[in-house]
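In what follows, a single structure is set out as structure tokens and then discussed.
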Amino acid sequence: MKKGKKLYEGKAKIIYATNDKNLVIQYFKDDATAFNNQKKSTIEGKGVLNNRISEHILSNLSQIGIKNHLVKRLNMREQIIKLVEIIPIEFIVRNVATGSITKRLGIEDGTVLNDPLIEYCLKDDKLGDPLISEQHILAFDWATKKEIEKVKKMILRINDFMVGMFRGIGIKLIDFKLEFGRIKINGKDEVILADEISPDTCRLWDSITDKKLDKDRFRNDLGDLIPAYTEVAKRLGILHEQSNVSAVNVTKLSSIKKKSK
Ligand code: TMP
């Protein structure tokens, strides 16, 4: 597989072409942004951890029949993925109210929701990813009714699976963001899960202490982001080594693991 030119650079990832027109390489950067790019930093090792965690979650989802773009992880920072046409919507799934919904609607932080709540945001940085309704999606042709219905079904299965997976390792899945893409499979139009699922795109709280193990550590200046992401990776069984793995150690270990395969 030959790496070609850069096709797209986002805030946390870069997409490169390959010699196969249906496949691209997704590169995980160490850059962290929050509040629509107003806050920016580089956190050494974050991309390595997100690459591993996202690979783990997406490959587990594919084992339960959730079609997604992951083909395989290439190395510490890169994955081969299927090229899709991204639906320009961020699908937010909430199990517990925190973050923007508490400010927007005055809901008490930590309120457990009776059912998962799905919110839609238009994926447009310049507009600050505004909240939209299903009617907006249909009115402006951002997705079809059929696509939305399909995505909603997938979202609820993904949420059930992920809530259980994290609960089993002592983590509460508070909320997360998903993206989906269009692709032709055997001549048929399909919608599959795309992008990444990682502590950058989920809120993960320790089940007992409510300690934040996600990007809120960066958003809210809590510090120790790498130890928190490492903790998630270790509990998922991705990293088995000694505690307190530094970014450098994560980097080294990933290359050792790759070589010994
Ligand atoms: P919010 O409370 O800021 O709306 O975020 C809800 C969830 O979605 C949270 O897990 C973080 C995630 N998220 C992203 O991954 N990317 C984004 O651009 C935003 C706004 C949220």
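A short reminder: the numbers here are calculations on the coordinates, not readings from a lab. Computed from a predicted structure; not experimentally measured. Note that each Cβ is placed from the backbone with ideal geometry, even for glycine, and that neighbours are counted across all protein chains shown.
A few points about this structure:
- Neighbourhood charge, 9 Å Cβ-Cβ cut-off, centred on ARG182 and excluding it, Lys, Arg +1 and Asp, Glu -1: -3
- Simple spin-label estimate for LEU138 and LYS153 in nanometres, 7 Å along Cα-Cβ: 1.8
- Extreme residue, positive dipole direction of the stretch 159-220, given options SER207, LEU178, ILE197 (C-beta unit charges): SER207
- Structure note, pairs LYS82/LYS145; LYS3/LYS150; LYS39/LYS152; LYS6/LYS212: Cα-Cα distances above 28 angstrom occur for LYS3/LYS150; LYS39/LYS152; LYS6/LYS212.
- Efficiency of FRET from Cβ geometry, SER62 and ASP189, R₀ 22 Å, rounded to 0.05: 0.70
- Once backbone amide H atoms are built at 1.01 Å from N, ASP214 has LEU204 as its partners under 5 Å, excluding neighbours fewer than 5 places away on the same chain.
- Cα gyration tensor category, rounded, prolate or oblate, for the stretch 101-174 with a/c compared to 1.5: oblate
- Working note: Karplus 6.51/-1.76/1.60 with θ = phi - 60° gives the stretch 120-128 the couplings 10, 10, 6, 7, 8, 4, 4, 8, x Hz, where Gly and Pro are set to x.
- Summary of packing: across the peptides 17-23, 124-130, the per-residue average of other C-beta atoms within 10 Å ranks them, highest first, as 17-23, 124-130.
- Within the shell of other residues whose beta carbon sits under 9 angstrom from the beta carbon of ILE86, the net charge comes to -1, with Lys and Arg scored +1 and Asp and Glu -1.
- Rg over Rh for the chain works out to 0.94, both radii taken from alpha-carbon positions and Rh defined as the Kirkwood radius.
- Residues in the stretch 88-100 carry Karplus couplings, in order, of x, 9, 9, 8, 9, 10, 10, 9, 9, 6, 7, x, 4 Hz; the curve used is 6.51 cos²θ - 1.76 cosθ + 1.60 with θ = phi - 60°, and Gly or Pro positions show x.
- Take the Cβ atoms of ASN22 and GLU108, set R0 to 35 Å, and the FRET efficiency comes out at 0.15.
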